[in-house]
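Structure first, commentary second.
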Amino acid sequence: MIMTKQLTVVSGRKPGKGRKVLLPAEKFKHHRKVTGVVLQGAQDAWAELWQELQGTVTDGVMILPEAEKGFKPKCGWPEFLEKMWLLKHQIDYAKRFSEGTTVVTMHADKDSRAME
């Protein structure tokens with residue numbers, strides 16, 4: 001059974017024992033790095049999806065006549081739809097992270113991050 005534990009958020013100027021309060025510049029640097037990683041993942045997912053459409057549905061910006069026959073991804077529907085879902089998840093997370101509405105939890109058996 002996995003048990004979760006809510007982490008304590010340290011605010012103000014008094015860090016707890018063994019904790020460090022980040023300066024605003026450090027917080028911003030961390031925010032930029034996390035956002036950059038998430039958005040790079042979203043860009044990579046988009047590039048893979050776009051590549052699936054090349055040559056069968058579109059040639060750059062023009063829809064090919066063969067597209068009327070229907071689209072079947074080269075990687076298969078399950079993988080294609082998984083990439084679509086991953087792209088949505090990454091964009092949603094980047095939005096919530098930018099708004100400051102992500103919640104970090106820690107599992108007893110391993111560290112993980114979960115959003116509410």
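The values are calculated or read from the model by the stated rules, or taken from the named source; none is laboratory data. Quick caveat, the model's predicted, so the values are computed rather than measured. For neighbour counting, all protein chains shown are included, and Cβ atoms are generated from backbone atoms with ideal geometry for every residue, glycine included.
Some observations on this one:
- Sub-7 Å Cβ pairs linking a first residue in region 69-84 that is at pLDDT below 85 to a second residue that is of a type in the set (Asp, Glu), at least 6 apart or interchain, are Pro73/Glu52; Lys74/Glu52, ordered by first then second residue.
- Given (1) modelled with pLDDT of 75 or more; (2) within 12 Å of the chain's Cα centre (by Cα), number of the condition Met115 does not satisfy: (1)
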